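The structure under discussion appears below in the form of structure tokens.
Just so you know, all these numbers are worked out from the coordinates, no wet-lab data involved. All values derive from a computational prediction rather than experimental measurement. Here Cβ is always computed from backbone atoms with ideal geometry, including for glycine, and neighbour counts include all displayed protein chains.
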Amino acid sequence: MAKHWAEPVTTALRADGLRVSEIDPSATPGFTGDKQLGKQLLSERGAVLSDLQERLFADGRTGGKRSVLLVLQGMDTAGKGGIVRHVIGSVDPQGVDHASFGVPTEEEKQHDFLWRIHKRLPAHGQIGVFDRSHYEDVLVVRVHNLVPQAEWEQRYDLINTFEREVADAGTTIVKVAMFVSLDEQKRRLRERLERPDKHWKFNPSDITERGYWPEYQKAYQAILERTNTDYAPWYVVPADSKWYARLAVTELLIDALNRLELDWPTADFDVDEQLRRLDES
Ligand code: AMP
Ligand code: MG
């Protein structure tokens, strides 16, 4: 177990049996330290993550078929972008494949909802990061009935089948649902409006969506109940404290990579012989 955690992060955040209405977005489950310690640990643990990521990359370069996929979901301002910058930002960019999924393009709309997702799955040795994902197709799509209910209802099973295949092919899937409170979201949206350097992040529809909060809660409840599998588990991350969310996701990735038990690839050349040649060169 990681230092300053009362229980493994995977247990503290596992979504099993959780009621969305009972999530406290300001909580810091499992962590025994405060904000200052949390921030300090983030860089320390970021270095551990970076070392593990390099092992995964090296494994991929030498014939390994494994990869990791981090799926990030959360309401606007929940801090998905901050995870990408501050957690994923601590590892070598050449080992990361980042994909964000917005409103489907005309071309994407012509295809099955998983078409654009398939295309962005991580290659061997990579950490793939989905900033939003196929879950939008049972979140925003469900809340606004963008397709008939009969169609989105089927998607839970389709998603489970899809993720099973992805996991069987060697990808460790880590799904993170970030929960920000309605009040904290208001504060963050206000900041986006009051600071010109944040205007680019603001979208008037973010305020409209606040009106659908209970419907979104219900849609999140459904994904936690229907797509929380042992091969692609959901973790619920309270996100009012940015430092906590970042530390928690760092620990989740460290755990996922540790479970791969990655050794450094053995040399396919004779090291002593190469040292001799180098000396003589
Ligand atoms: P952002 O992540 O702030 O750039 O916003 C992306 C927007 O795209 C969000 O409002 C999402 O709800 C929306 N979006 C993502 N995927 C879908 C989808 N499959 N159908 C409709 N809207 C989507
Ligand atoms: Mg947005």
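Some notes on this structure:
- Listed by chain and number, the lysines whose C-alpha is less than 23 Å from the C-alpha of Lys242, apart from same-chain residues fewer than 8 away, are Lys3, Lys35, Lys39, Lys80, Lys175, Lys186, Lys198, Lys201.
- Rounded to the nearest 20 debye, dipole of the chain from Cβ charges on Lys, Arg, Asp, Glu: 1020
- q = 0.09, 0.11 Å⁻¹: log10 I(q)/I(0) that the Debye formula gives for the chain, counting C-alpha atoms only: -0.45, -0.66
- Extension gain, Val271 to Thr161, is 35.1 nm, computed as 0.36 nm per intervening residue step minus the present C-alpha separation.
- In the chain, the DSSP beta bridges split such that about 10 percent are antiparallel, to the nearest 5.
- For the range 193-275, the set of chymotrypsin sites (Phe, Trp or Tyr not before Pro) satisfying both a DSSP loop assignment and a count of at most 13 other C-beta atoms within 10 Å is given as Phe269.
- Between helix 271-280 and the chain: long-axis angle, C-alpha atoms, 0 to 90°, nearest 10: 60
- Summing +1 for each Lys or Arg and -1 for each Asp or Glu among the other residues whose beta-carbon sits under 12 angstrom from that of Trp234 gives -1.
- Relative to the longest principal axis of the Cα atoms of the chain, the long axis of helix 182-194 lies at roughly 80 degrees.
- Principal-axis tilt of helix 213-226 within the chain, Cα atoms, nearest 10 degrees: 50
- Of all lysines in the structure, the ones whose alpha carbon falls short of 17 Å from that of Lys109, not counting any fewer than 8 places away in one chain, are Lys119.
- Looking at the range 78-136, the trypsin sites (Lys or Arg not before Pro) that sit in a DSSP loop and have at most 13 other Cβ atoms within 10 Å of their own Cβ are Lys119.
- Residue-wise HN-Hα couplings along the range 32-48, as the Karplus relation 6.51 cos²θ - 1.76 cosθ + 1.60 with θ = phi - 60° gives them from phi, are 9, x, 9, 4, 4, 5, x, 5, 5, 5, 4, 6, 4, 6, x, 5, 5 Hz; Gly and Pro carry x.
- Amide hydrogen neighbours beyond the local backbone of Gly79, cut-off 5 Å, H modeled: none
- Estimated from helices alone, the mean residue ellipticity of the chain at 222 nm is -14500 deg cm²/dmol (sum of -39500 (n - 2.57) over DSSP H runs with n ≥ 4, per residue).
- Built amide H within the under 5 Å cut-off of Leu69, gap 5+: Gly128, Thr172, Ile173, Val174
- Evaluating 6.51 cos²θ - 1.76 cosθ + 1.60 at θ = phi - 60° for every residue in the range 97-106, the Karplus couplings come out as 10, 9, 9, 10, 10, x, 4, x, 6, 4 Hz, glycine and proline recorded as x.
- Cα gyration tensor shape of the range 218-275, rounded if a/c is under 1.5, else prolate or oblate by comparing a/b with b/c: oblate
- In sequence order, calculated HN-Hα J values of the range 260-267 (Karplus, 6.51, -1.76, 1.60; Hz; x Gly/Pro): 6, 6, 7, 9, 5, x, 7, 5
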